[in-house]
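A.B. asks: The structure is given below, and queries will be raised subsequently.
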Amino acid sequence: NRWEDAWNHKAIYYKLKEEVQSEEAKKQASKLEYERKEAEREKLLATERARREEREKVIDELTVLNSSLHEANRQKNEVIAIVAHDLKNPLAAILLCSETLDKYYSYLTKEDIQDKMSKIKLTAERMNLIILKLLDIQKLESGKAAFILQPTDVTAIIHSILDDYQDIAEKKNITIN
């Protein structure tokens, strides 16, 4: 006679069983959603880590390149200073000779004038040679030129330089031996 109670208990049992299973399913879904979000977060962190490492690598490369550029700029400035110095001295000799010619022209003999003009010409040719050598260096660096080795008479070069500076030395009471 308790069939009705059994039926009610059975209905309650299935209802509770369904609720429990539903709660388990919700917990499982929640757990899976948490794991999915955690995996996505890990993926984002790994991607960000890889990007950061790539940025650091690029920064290191840029630092090396920047250092190279600074060194190249320093060397360029050094070359410019050397060239300016090398061109300044012959130019000073030209100016001194032309000044002497201008100031003392009426007192100089024809041979003295020719000597001064010859010095001006030689010094200007030496300046031109310096400029041509600079252009040759540029050609070498760009790969458009080749070396041609040849013997050079150093004695002639030294005598030429001494002749150029003789007037300047005399003006300053300096003796060149």
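A.B. asks: What angle, in degrees between 0 and 90 and rounded to the nearest 10, separates the Cα long axis of helix 3-104 from the longest principal axis of the Cα atoms of the chain?
C.D. replies: 0
A.B. asks: Using the beta-carbon distance between His70 and Glu141 and R0 = 22 Å, what value does 1/(1 + (r/R0)^6) give for FRET efficiency, to the nearest 0.05?
C.D. replies: 0.75
A.B. asks: Straight-line reach only, C-alpha to C-alpha below 15 angstrom: list the aspartates and glutamates that Lys133 could link to, leaving out same-chain residues fewer than 8 apart.
C.D. replies: Candidates past the 8-residue exclusion: Asp86, Glu125, Glu141.
A.B. asks: First select every other residue whose beta carbon is under 12 angstrom from the beta carbon of Asn89; then total the charges, Lys and Arg +1, Asp and Glu -1.
C.D. replies: Here the count lands on 0.
A.B. asks: Per DSSP helix of 4 or more residues, -39500 (n - 2.57); summed, then divided by the residues of the chain. What does that give at 222 nm, rounded to the nearest 500?
C.D. replies: Mean residue ellipticity, 222 nm, calculated: -32500 deg cm²/dmol.
A.B. asks: With an 8 Å Cα cut-off and a minimum separation of 6 or more residues, compute the relative contact order for the range 20-165 in percent.
C.D. replies: Here the relative contact order equals 21 percent.
A.B. asks: Rg/Rh for the range 30-125: what does it come to with C-alpha atoms and Rh from Kirkwood?
C.D. replies: Dividing the radius of gyration by the Kirkwood radius yields 1.75.
A.B. asks: Can I ask one more? So what are the chain's ellipsoid semi-axes, whole angstrom, largest first, if each one is the square root of 5 times an eigenvalue of the alpha-carbon gyration tensor?
C.D. replies: Taking √(5λ) for each Cα gyration eigenvalue gives 101, 16, 11 Å.
A.B. asks: Moving to a separate point now. Within the accessible area of the chain, what % is carbon and sulfur when the probe is 1.4 Å and the other protein chains stay in place?
C.D. replies: 58
A.B. asks: Considering every pair of different Cα atoms, what Kirkwood radius, in Å, is found for the range 4-47?
C.D. replies: 12.8
A.B. asks: Here's another thing I want to ask about it. Does anyone have the angle between helix 154-171 and the longest principal axis of the chain? Alpha-carbon axes, 0 to 90°, nearest 10?
C.D. replies: Approximately 70 degrees, to the nearest ten.
A.B. asks: For a 31 Å ceiling on Cα separation, which of these pairs sit above it: Lys15/Lys43; Lys121/Lys172; Lys88/Lys144?
C.D. replies: Lys15/Lys43
A.B. asks: Right, another one. So, for the chain, what is the accessible surface per residue at a probe of 1.4 Å, expressed in square angstrom?
C.D. replies: I get 87 Å² per residue for the chain.
A.B. asks: Here's something else I'd like to know. Lys and Arg at +1, Asp and Glu at -1: add these up for the other residues within a Cβ distance under 14 Å of Asn66 and post the number.
C.D. replies: Around Asn66, the surrounding residues sum to -2.
A.B. asks: Please report, to two decimal places, log10 I(q)/I(0) for the range 96-177 at q = 0.20, 0.26 Å⁻¹ as given by the Debye formula with identical point scatterers on the Cα atoms and no solvent.
C.D. replies: -0.99, -1.29
The values are calculated or read from the model by the stated rules, or taken from the named source; none is laboratory data. Given the structure is predicted, the values throughout are model-derived calculations rather than measurements. Neighbour counts run over all protein chains shown; Cβ positions are idealised from the backbone, glycine included. All accessible areas refer to the heavy atoms of the entire protein, side chains included, with ligands and DNA or RNA removed. Shrake-Rupley method; radii C 1.70, N 1.55, O 1.52, S 1.80 Å.
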